[in-house]
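Working notes for the structure below.
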């Protein structure tokens, strides 16, 4: 599993000229994981806040912890989705492009390759929503760390939405393409609005 690689191994695989994972989608998930981890750290360091903020801090910590765990899983889920696309494209050598078996496998693989980055971006958006509350209650000593986490998480969401948009363009169904591109557009606008509302 990719999550079991150390930092050096992961980076070397990314930098390789061979068509192996991890690639852009996996890096996007890892980037989001790092950004969210900085948010978690900022909250933990600031946990000794007045009692009226203690419950809110705990709720935010739980939410970020859940997103953290999901983001870890997305690293390998993206690789799995990518490998399904490659396998489907290889069928092209054995089937006519109009063949039902080829078309079904390719469509299923492409939808998975779109769903994973969309899910990454959704969780990044949720974490950024949390950061709007976090930034009001953290200790000054970790303000810089939190802001780096916010920017890193935004980069992850931007990258995931870009990946989804690119993969959508490979679908043949125009109605589905329009539906998914609309979804990407809505999420991009929401992302930009959230971050613009945070004083960095």
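The values are calculated or read from the model by the stated rules, or taken from the named source; none is laboratory data. Just so it is clear, the model here is predicted, and its values are computed rather than measured. Ideal geometry is used to build each Cβ from the backbone, glycine not excepted, and the neighbour counts take in all protein chains shown.
Can you tell which of 116, 177 is in contact with a helix residue (DSSP H, G or I) (Cβ under 6 Å, 6 or more places away or on another chain) and surrounded by fewer than 17 Cβ atoms within 10 Å (Cβ to Cβ)?
177
From (1) more than 17 Å from residue 65 (Cβ to Cβ); (2) surrounded by fewer than 17 Cβ atoms within 10 Å (Cβ to Cβ), pick out the condition that doesn't hold for residue 106.
(2)
Give me the residue from the range 39-56 that is farther than 16 Å from residue 141 by Cβ and part of a helix (DSSP H, G or I) and, out of that set, modelled with the highest pLDDT. Let's see the steps before the verdict.
Filtering the range 39-56 down to residues farther than 16 Å from residue 141 by Cβ leaves 50-56.
From the residues that got through so far, the ones that are part of a helix (DSSP H, G or I) too are 51-56.
Working: 51: 56, 52: 54, 53: 60, 54: 62, 55: 64, 56: 69.
It comes out as 56.
Could you pull out the residue among 156, 141 that is closer than 28 Å to residue 21 by Cα and part of a helix (DSSP H, G or I)?
Testing whether each residue is closer than 28 Å to residue 21 by Cα and part of a helix (DSSP H, G or I) leaves just 156.
Which number in (1) over 11 Å from the mean Cα position of the chain (by Cα); (2) closer than 19 Å to residue 130 by Cβ; (3) modelled with pLDDT of 90 or more marks the one condition that residue 59 misses?
Every listed condition holds for residue 59 apart from (3).
Look at the range 187-200 and say how many of its residues are surrounded by 13 or more Cβ atoms within 10 Å (Cβ to Cβ) and either free of Cβ contacts under 8 Å to residues at least 60 places away in the same chain or assigned to a helix (DSSP H, G or I) (or both). Even if it seems obvious, please write down each step before you answer.
Taking the range 187-200 and keeping what is surrounded by 13 or more Cβ atoms within 10 Å (Cβ to Cβ), we get 187-188, 190-192, 194-195, 198.
Checking the rest, the ones that are also either free of Cβ contacts under 8 Å to residues at least 60 places away in the same chain or assigned to a helix (DSSP H, G or I) (or both) come to 187-188, 190-192, 194-195.
Here the count works out to 7.
Can you pull out every residue in the range 151-170 that is over 17 Å from residue 124 (Cα atoms) and surrounded by 18 or more Cβ atoms within 10 Å (Cβ to Cβ)?
Across the range 151-170, the qualifying residues are 167, 168.
Here are some residues: 148, 184. Which one is crowded, with 19+ Cβ neighbours inside 10 Å and either in a helix (DSSP H, G or I) or free of Cβ contacts under 8 Å to residues at least 12 places away in the same chain (or both)?
Numbers: 148 fails: crowded, with 19+ Cβ neighbours inside 10 Å.
Exactly one of 148, 184 is crowded, with 19+ Cβ neighbours inside 10 Å and either in a helix (DSSP H, G or I) or free of Cβ contacts under 8 Å to residues at least 12 places away in the same chain (or both), namely 184.
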